[in-house]
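The values are calculated or read from the model by the stated rules, or taken from the named source; none is laboratory data. Computed from a predicted model, the values in this text were never measured in an experiment. Positions of Cβ are generated from backbone atoms using ideal geometry, with glycine treated the same way; all protein chains shown enter the neighbour counts.
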Amino acid sequence: MKTLLTTISVVLTIATLTPIAVHADEYNTRQARSYIRDAEYQMRQAENYRRDANSYRRTAESYRRQMDSYIKRNDTRNAETYRRRMQNDLDRAADYDRKAVQADSRAADYLNDAARALRR
């Protein structure tokens with residue numbers, strides 16, 4: 001009788017804890033997938049930031065060539081205007097590079113969170 005009660009209590013314990021464990025496992029898997037989606041989004045954002053930074057660098061190079069042509073013609077007013085535009089675009093490119101690094105860092109954090117969720 002004592003073994004029967006022990007067996008029943010063990011079976012009931014397993015029966016009640018198994019759905020909780022399965023639910024926790026499903027929850028952790030869903031959490032990990034969510035973190036992975038967030039990481040993918042951040043990686044796409046980083047690529048977009050890099051693309052924008054490269055675009056600003058190309059525009060700055062165009063402004064530099066324009067500035068050089070005005071310098072050759074001794075037109076300092078227009079040369080200064082294009083120097084200022086070039087510098088603004090180089091500053092924007094640096095900002096976008098910084099944003100890309102931050103997005104990469106956030107993506108790495110999300111991937112670490114996903115790995116941690118899967119280990120639970």
Count of region 105-116 residues which are hydroxyl-bearing (Ser, Thr, Tyr) and free of Cβ contacts under 8 Å to residues at least 24 places away in the same chain: 1
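Against the definition (touching a residue at least 12 places away in the same chain (Cβ under 8 Å), surrounded by 13 or more Cβ atoms within 10 Å (Cβ to Cβ) and in a helix (DSSP H, G or I)), how does Gln102 come out, yes or no?
No, not satisfied.
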As an exercise: evaluate Ser62 against (1) modelled with pLDDT of 95 or more; (2) under 20 Å from the mean Cα position of the chain (by Cα); (3) not aliphatic (A, V, I, L, M) and give the number of the one condition it does not meet. (2)
Expected single match for surrounded by fewer than 18 Cβ atoms within 10 Å (Cβ to Cβ), part of a helix (DSSP H, G or I) and of a type in the set (Phe, Trp, Tyr) among Tyr41, Tyr35, Tyr56 is Tyr41
Of everything in region 80-120, what is closer than 22 Å to Asp52 by Cα and basic (Lys, Arg)? Give them in sequence order. Arg83, Arg84, Arg85, Arg92, Arg98, Lys99, Arg106
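Residue-wise test of (1) loosely packed, with under 13 Cβ neighbours inside 10 Å; (2) more than 30 Å from Arg106 (Cα to Cα); (3) in contact (Cβ under 8 Å) with a residue 60 or more places away in the chain; (4) of a type in the set (Lys, Arg).
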| residue | (1), (2), (3), (4) |
| --- | --- |
| Asn48 | no, no, no, no |
| Asp52 | no, no, no, no |
| Tyr63 | no, yes, no, no |
| Ile71 | no, yes, no, no |
| Arg84 | yes, yes, no, yes |
Surrounded by fewer than 13 Cβ atoms within 10 Å (Cβ to Cβ) and outside any helix (DSSP H, G or I): is that true of Asn112 in this structure? no
